[in-house]
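Laboratory data are not the source of any read-out in this text; all were calculated from the coordinates shown. Computed from a predicted model, the values in this text were never measured in an experiment. Every residue, glycine among them, receives a Cβ derived from its backbone with ideal geometry; neighbour counts consider all protein chains shown.
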Amino acid sequence: MNVLNDVKTTCRQLSMSRSALYVAVKEGRISALKNGNRTLFHRDEIERFAGRLPNIE
């Protein structure tokens, strides 16, 4: 896995839609970085976000 992932790759890794990912960013549940016009997600942030998702009981 790359250190920084683009939106498409992050959505695929988290099994979520692009719009759901941007909602999570807006709500502060996952942090994004900007490099010019590109929105990027750090590998550690993706893992942190996934680790905080609730379990189904």
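Summary of computed values
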item	result
Those residues of segment 15-51 which are of a type in the set (A, V, I, L, M, F, W, C) and touching a strand residue (DSSP E or B) at 6+ places or on another chain (Cβ under 9 Å), in sequence order	Leu21, Val25, Ile30, Ala32, Leu33, Leu40, Phe41, Ile46, Phe49
Selected residue (only one of Thr39, Thr10 is surrounded by 10 or more Cβ atoms within 10 Å (Cβ to Cβ), touching a residue at least 12 places away in the same chain (Cβ under 8 Å) and assigned to a strand (DSSP E or B))	Thr39
Qualifying residue in segment 18-26 (condition: among the β-branched types (Val, Ile, Thr) and in contact with a helix residue (DSSP H, G or I) (Cβ under 7 Å, 6 or more places away or on another chain))	no
Number of the exception - Leu21 against (1) assigned to a helix (DSSP H, G or I); (2) more than 9 Å from the chain's Cα centre (by Cα)	(2)
